[in-house]
Structure formats: C-alpha cells, structure tokens
Amino acid sequence: MSNISPKSGSFAAIMRSFKSAVTRNIRLAGYEFSWQRNLWEHIIRDTNDHARIAEYITNNPANWNIDRFYKK
C-alpha cells in the first residue's frame, strides 16, 4: 500500500491531510459533511489559467437556477 500512497510532503499528501482535518472539524461542530465525489484539484499555472477560473467562480452562481439539483 505504501507504494501507491502519496509521498510525505507531496501536494497529494498535503491535500489529503487538509481534507481530513476539515472533515473532522466540521463533523465535530455538528454538521454533516462530505467532499464532492471525483473532485479534481487544479494547480493554477499562469495568469490565463487564473483569469479563466476567476471568471468561472464569478459567473457560476448565475447558473444555479438552471442546475439539475436546484430546488425552489
């Protein structure tokens, strides 16, 4: 198993520790919580990448009322 586990100090290991700590603390606070399945973390590599992601974050809430999971 150690051959396929993220190496200590790697981005994957840091994210795994972060997600674990966040999940534990949220649940200790009395909330139900789980991470989105198949969540894909993305490293922002340049200014164009940053601009594209920032635009998505800014504009995405406007699509909520047409989302298949939206309930009035």
Original post:
Which members of the range 27-41 meet the condition of being farther than 24 Å from Ile53 by Cβ and of a type outside the set (Ser, Thr, Tyr)?
Top reply: Arg27, Leu28, Ala29, Gly30, Glu32
Original post:
Can you find a residue in the range 39-58 that is part of a loop (DSSP other than H, G, I, E, B), surrounded by 10 or more Cβ atoms within 10 Å (Cβ to Cβ), more than 16 Å from the chain's Cα centre (by Cα) and free of Cβ contacts under 8 Å to residues at least 24 places away in the same chain?
Top reply: no
Subject >> The lone exception for Pro61 - which of (1) surrounded by 10 or more Cβ atoms within 10 Å (Cβ to Cβ); (2) in a helix (DSSP H, G or I); (3) not acidic (Asp, Glu) it fails >> reply: (1)
Original post:
Of the residues in the range 16-38, how many are surrounded by 10 or more Cβ atoms within 10 Å (Cβ to Cβ) and assigned to a helix (DSSP H, G or I)?
Top reply: 12
Original post:
Tell me, which residue of the range 1-15 that is more than 18 Å from the chain's Cα centre (by Cα) and not basic (Lys, Arg) is surrounded by the most Cβ atoms within 10 Å (Cβ to Cβ)?
Top reply: Ser5
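Bear in mind these aren't lab numbers, they're just calculated from the coordinates by the rules spelled out. Just so you know, these numbers come straight off a predicted model, no measurement behind them. In this analysis, Cβ positions are derived from the backbone assuming ideal geometry, glycine residues included, and neighbour counts consider all displayed protein chains.
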